[in-house]
Amino acid sequence: MHTLAFDGRMGASGDMLLAALIAAGADPDALAPVEDALDVRYEVGETDKNGIRAATVDVLLTGDSGDGDDEGDAGSDEHGHDDGSQESHNHDHHEHSHDESDHTHDGHDDHDHTHAEGHGPHRTYAEVVELVEDMALPTNVERDARAVFEILGEAESSVHGTNLEETHFHEVGADDAIADIVGACLLVDDLGVERVVTTPLATGGGEVDIAHGVYPVPTPAVVEIAQRADWSLQGGPVEAELLTPTGAAILAHFAEGVESLPPLKLEESGYGAGGYTFPDHPNVLRTLVGDGGGRLSRDEITVLETNLDDAAPEVLGSLQETLTAVGARDVSILPATMKKSRPGHLVKVIVKPEDAERVARKLAEETGTLGIREHGAGHRWVASRAFETATLEIEGEHYDVVVKVASDAAGDVYDYSAEYDDALAVALDTDLSVREVMRRAEEAVRPTN
């Protein structure tokens with residue numbers, strides 16, 4: 001499986017992700033739709049971080065974009081640590097320096113180094129979505145970009161107690177942040193990977209100044225995003241803000257968490273530079289691209305469960321059918337000992353998160369239970385399934401038996417299982433056992449080599 005892996009030990013910001021993706025082989029020309037839609041251009045360069053050659057990406061103004069909204073907007077957690085002169089800082093660009101071999105990828109002169117940070121109108125969530133829709137992006141890239149902004153919007157609205165549609169992104173809704181997010185989605189698409197993973201993301205430490213005062217690292221928006229993400233956080237290794245809301249939101253959408261880098265047959269690797277320079281820690285985001293082999297598919301789920309001590313057997317027997325009809329993926333009924341040592345049952349139902357409320361309502365209606373628990377299982381690993389028909393010749397007669405074939409995401413088959421009902425029908429019409437019919441059917445579809 002073609003896999004993109006991030007080494008999160010120095011955190012991530014929007015521009016670090018752009019640089020790391022380009023360093024790992026993504027084509028900077030893929031960023032053209034953003035440059036066409038906004039008064040910005042991407043400047044791609046190189047720098048040295050503690051002896052490591054790393055890519056840099058800056059978002060620069062190309063026209064009269066204005067100075068943005070300088071009213072000290074509340075609600076942004078994108079900060080900067082450049083000179084302390086701004087009331088509301090923007091730190092999604094990890095403080096780039098610009099004297100280290102920078103060059104533009106599109107042939108622009110180096111004279112105009114006006115950064116786009118905070119420039120342009122500070123948009124609401126709805127306005128950002130409208131802007132993204134007007135960029136005429138590929139369908140999957142638009143879907144990814146909207147998902148990232150939704151993650152950011154939900155984090156902002158949760159922190160500040162506002163409605164998502166009316167949430168102002170402030171700096172995150174300015175042109176440079178939109179360029180970071182949509183640009184990252186375009187570059188991931190250009191790499192053509194099937195899986196994205198990240199090791200635990202370092203947040204840094206200490207405190208930062210935001211519009212509402214001094215806050216500890218990680219900032220409130222990053223904390224909210226991390227609660228929704230599959231990956232984990234870790235503090236350190238330096239006293240500075242390393243993980244920004246934009247970087248966190250991009251990775252929350254694309255990446256699943258791993259404790260360490262997975263086995264990869266490497267094809268590409270690279271480093272995206274942050275702006276800080278630390279004496280003992282290269283401030284870079286390492287990116288690896290390679291073949292990670294086959295694995296099971298990842299299916300987002302949640303689990304509903306309830307205890308029953310008075311349900312009729314007929315009701316329990318019907319739950320598989322009634323709950324599956326409204327979205328349940330699997331239903332298990334286990335014997336249990338209830339209070340006062342009464343016999344009862346534990347009903348466990350696997351559902352997609354978006355189906356949980358509907359299935360819970362149906363479970364309550366069918367059983368009369370007064371309470372249903374939901375456990376955020378996160379995900380399950382499932383095989384890819386295909387069905388093949390085996391034709392068996394038995395005493396001159398031909399019989400069809402369907403065989404379920406299980407494989408991983410790379411297509412490597414690891415199990416063959418004949419359908420019981422088909423095998424039973426053949427067994428009843430012949431002198432063979434059900435087990436023998438199933439064996440013959442499975443052997444018939446199994447490759448001979």
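Each value in this text was obtained by applying a stated rule to the coordinates, not by laboratory testing. Predicted model only: the values in this text are computed from it and were never measured. Cβ atoms come from the backbone with ideal geometry, glycine included; neighbour counts cover every protein chain shown.
Describe numerically, in nm with one decimal, the distance between label points set 7 Å from Cα along Cα→Cβ at His375 and at Asp36.
Distance between the two pseudo-spin positions: 5.0 nm.
How far apart, in nanometres, would the label points at Thr162 and Asp299 be if each is projected 7 angstrom from Cα along the Cα-to-Cβ direction?
Placing both labels 7 Å along Cα→Cβ, they lie 3.9 nm apart.
Rounded to whole Hz and in sequence order, give me ³J(HN,Hα) for region 279-288 from the Karplus expression 6.51 cos²θ - 1.76 cosθ + 1.60, θ = phi - 60°, writing x for Gly and Pro.
With coefficients 6.51, -1.76 and 1.60, one gets x, 10, 10, x, 7, 9, 9, 7, 10, 10 Hz.
Neighbour counts of other C-beta atoms within 10 Å: give me Glu156, Glu366, Glu300 arranged from fewest to most.
Lowest to highest Cβ neighbour count: Glu300, Glu366, Glu156.
For a protection proxy built on the mean count of beta-carbon atoms within 10 angstrom, sort 123-136, 380-393 highest first, please.
Highest-to-lowest ranking by the protection proxy: 123-136, 380-393.
Quick one: what are the phi-derived ³J(HN,Hα) couplings along region 37-52, Karplus 6.51/-1.76/1.60 with θ = phi - 60°, whole Hz, x for glycine and proline?
8, 10, 7, 9, 9, 9, 10, 9, x, 9, 8, 10, 10, 6, x, 9
For the pair Lys340/Asp189, report the inter-label distance in nm, with labels modelled 7 Å from Cα in the Cβ direction.
Calculated label separation equals 6.2 nm.
Return an integer: the convex hull volume of the alpha-carbon atoms of region 384-445, in Å³ per residue.
Taking only Cα atoms, region 384-445 has a hull volume of 63 Å³ per residue.
I'd like the FRET efficiency for Asn307 and Glu395, computed as 1/(1 + (r/R0)^6) with the beta carbon distance as r and R0 of 45 Å, rounded to 0.05.
Calculated value: 0.30.
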